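Notes follow the structure.
The values are calculated or read from the model by the stated rules, or taken from the named source; none is laboratory data. Computed from a predicted structure; not experimentally measured. Note that each Cβ is placed from the backbone with ideal geometry, even for glycine, and that neighbours are counted across all protein chains shown.
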Amino acid sequence: TPQLVTNNKLTSSVNDLFGIFFEDINHAADGGLYAEMVQNRSFEFAPIDKQDYQSTTAWKLSDPESLKVETANPLNTKNLHYLSVDTNKDVTLTNVGYNKGMYIEAGKKYDFSFFVKALNGTKNVIVRLTDADNTEVGVPTVIPVESHQWMKYSASFTADKTTTTGRLTLKFPEGSHILVDMISLFPEDTFNHRKNYVRKDLGEALKALHPKFLRFPGGCLVHDGQLDPDDRGAMYRWKNSIGPVEQRPARRNNWGYNQTLGLGYFEYFELSEDIGAKPLPVLPGGYDPHHDREAPIDQLDEWVDDALDLIEFANGSTDTKWGKIRAELGHPKPFNLEYIAIGNEEVGQAFFDRYPYFHKAIRAKYPNIKIINTAGPFAAGKEFDRGWKSARENQSDLVDEHYYQEPEWFLANQHRYDSYDPKGPKAFLGEYASKANKWYNAVVEASYMIGLQRNANKVGLACYAPLFCNVDYENWGTDLIYFDQKEVSPTVNYYVQQLFMKYQGTDNVSYQLNNLPAAKVVDDQPLNGKFFVQGDKAKAKFENIVLDDGSKKQKFDAQTVDHEEKAELGSTDAKDYTITFDVTKPDQDAKGTHFCFGQQSSDKWCVWILGG
Ligand code: AHR
């Protein structure tokens, strides 16, 4: 019977501990969470985003002579490209969507819209939804366009067939001279029924996790880019991502595609609210470590102002400049921002020279906002030194650590946070994963999360990464939720995350187990017959080892192993056997909690022993 040794209440900070991290990687936003079904809706795709992109990517033009992308007469200064239709015959323009095509479902409604400038009188544009074989999946709609100024036209379709190869086709009649832009198609049924918003099934998958916070809009994509916010390759500047979608400039996403910013800061705040998570935005610190580009210190004000204005946008009353903008966008109530992060995975001194300017300005104006510093990606031997030094000097509330490691690393580091200072800044484990979407990895992550929970007075927040992957556009191998245009496949790791978010621990209990029953290993894949023991950070002493194969008992010599040392005990040809042993940790205060015992094939062991 286990004996209860201690029972301590977990610190109240455990309340926010487990959340999610959203980044537009693997087409997580465009072609993913963002419910827009048209790819390259405003003809802004360009080789700066991806080498083989061009302004007509994802479009099929029936006659390239009379359908041309131009820039002389743009919809606005942020959206320069549009399609000019100038034709003396009927022509068609077809968008193929993402994946194999759009997912269109019988009985569901779809909202179509486009901006048009009709240069030579009223023309009837026919809008069709079809499958890849050009079979209608809804009744075509005729939209008479007549405005000589850019104007938005809309229509709604009800599909009468289901397809996963959907196409949107616009047919322009002979004699048209029309400019078109921002050609858009959304399912009417979005998550929480909001316009310009999130795919229902993916939004629901997030809500079902019960995340306590939402870190957004990224990792690397936040700080990779030019300093000038008007540059086509600019860093992620939040002010570019709010307001009418046709006025949001497309940007180069460092994951090798185009980011429309259709899903922008306002939508991320709404999403946080809709899924019950606290918003946690990440802003660039005026420094791009990918290209070693930095804003001169005497020009840092605009970057610091971005942070201050964002807090006002989220929390300010409607009498403030940015609070008023939030209200005009449809959310008069504040979003109750509590956290803000500056920088992502920073190791460059240029960042740490700039961080204090952000920190001081935010602390002075908004003393209750928790400011998150960053400590770079994990690199053996470096252990995030600069970030922690900066965090201590500036008294940051949290420091963002990232690591993607093998499961064995997570097992060996179960006690990583035991030695962290509860009085110092807290750790924010802003990105982690054990590098595979397998049952074993998920269990290892669960055991690691227990270590995070146990140390909730030192670890403030933690989120797995990356969150989403569109199966046809993978940038990063291990993700929490896979999807295509139709289906959602949460991984086994997802269910571990869900378990911890849904049922957050309240008490830290420790038990002692006495008189353990012998373990029975059933292994129908005979290994090489040899038995090994291996230590980890702790020294392990294996004694009284007896193997009983039914006909005879074999004794192995006692072994003490330390620090990844491995010792061979002997071998057996038996397929079924019982083995008993005692294992102790001679150095009681040594760190490290796992030992390996058993047969080994390559790096896989048939028995692991975990213990304090
Ligand atoms: O999660 C994927 C990437 O990993 C993030 O963008 C970055 O912060 C890290 O390197």
Yes/no for Val116 being under 30 Å from Lys200 (Cα atoms) and surrounded by fewer than 19 Cβ atoms within 10 Å (Cβ to Cβ):
no
Can you confirm whether Ser447 is over 25 Å from Tyr366 (Cα atoms), surrounded by 20 or more Cβ atoms within 10 Å (Cβ to Cβ) and either out of contact with any helix residue (DSSP H, G or I) (no Cβ under 7 Å at 6 or more places or on another chain) or at pLDDT 90 or above (or both)?
no
Mind telling me which of the residues Leu461, Leu499 ends up being touching a helix residue (DSSP H, G or I) at 6+ places or on another chain (Cβ under 8 Å), part of a strand (DSSP E or B) and modelled with pLDDT of 80 or more?
Leu461
Within the stretch 346-419, considering only helices (runs of 4 or more DSSP H) that don't extend past its boundaries, which have at least 2 residues that are basic (Lys, Arg), more than 21 Å from the chain's Cα centre (by Cα) and surrounded by fewer than 20 Cβ atoms within 10 Å (Cβ to Cβ)?
349-365, 385-394
Output for Cβ contacts, cut-off 9 Å, separation at least six or different chains, first residue over 24 Å from Gly175 (Cα atoms) in the stretch 117-142, second modelled with pLDDT under 95 and of a type in the set (Phe, Trp, Tyr), reads Val137/Phe157; Gly138/Phe157; Val139/Phe157
How about the stretch 296-336: which of its residues are polar (S, T, N, Q), surrounded by 13 or more Cβ atoms within 10 Å (Cβ to Cβ) and assigned to a helix (DSSP H, G or I)?
Asn315
Being touching a Pro at 6+ places or on another chain (Cβ under 9 Å) and either modelled with pLDDT under 80 or surrounded by fewer than 18 Cβ atoms within 10 Å (Cβ to Cβ) (or both): is that true of Tyr511 here?
yes
What pairs come out if I take residues in the stretch 423-447 that are in the same structural domain as Pro490 (by TED's automatic domain parsing) and acidic (Asp, Glu) and pair them with residues that are within 15 Å of the ligand (Cβ to nearest atom) and in a strand (DSSP E or B) whose C-beta lies under 6 Å away, six or more apart or interchain?
Glu431/His402
Determine if the stretch 394-403 includes at least one residue that is within 14 Å of the ligand (Cβ to nearest atom) and acidic (Asp, Glu).
yes
Picking from Pro217, Pro211, the residue that is of a type outside the set (Gly, Ala, Ser), in contact with a Cys (Cβ under 9 Å, 6 or more places away or on another chain) and closer than 19 Å to Leu271 by Cβ would be Pro211
Consider the stretch 5-60. How many of its residues are touching a residue at least 24 places away in the same chain (Cβ under 8 Å), closer than 19 Å to Arg454 by Cα and not in a strand (DSSP E or B)?
7
For the stretch 240-279, how many residues are on the phi > 0 side of the Ramachandran plot and aliphatic (A, V, I, L, M)?
1
Which residues, counting only those in the stretch 456-506, are crowded, with 22+ Cβ neighbours inside 10 Å, among the small types (Gly, Ala, Ser) and within 15 Å of the ligand (Cβ to nearest atom)?
Ala462, Ala465
Scanning the stretch 332-345 for residues that are within 16 Å of the ligand (Cβ to nearest atom) and among the aliphatic types (A, V, I, L, M), which turns out farthest from the chain's Cα centre (by Cα)?
Ile342
Checked the stretch 294-334 for anything under 19 Å from Pro217 (Cβ atoms) and in contact with a Pro (Cβ under 6 Å, 6 or more places away or on another chain); matches are Asn315
Set Phe22, Phe43: member being assigned by TED's automatic domain parsing to the domain that holds Leu480 and hydrophobic (A, V, I, L, M, F, W, C)
Phe22
Number of the condition not met by Lys78 [criteria: (1) within 16 Å of the ligand (Cβ to nearest atom); (2) closer than 28 Å to Ser156 by Cα]:
(1)
Output the helices (runs of 4 or more DSSP H) that fall wholly within the stretch 194-285 and possess 3 or more residues being more than 16 Å from the ligand (Cβ to nearest atom) and either out of contact with any Asp or Glu (no Cβ under 6 Å at 6 or more places or on another chain) or modelled with pLDDT of 95 or more (or both), or say none.
200-207, 265-275
Any chance Gly276 is under 16 Å from Val222 (Cβ atoms) and either in the same structural domain as Ala234 (by TED's automatic domain parsing) or aromatic (Phe, Trp, Tyr) (or both):
no
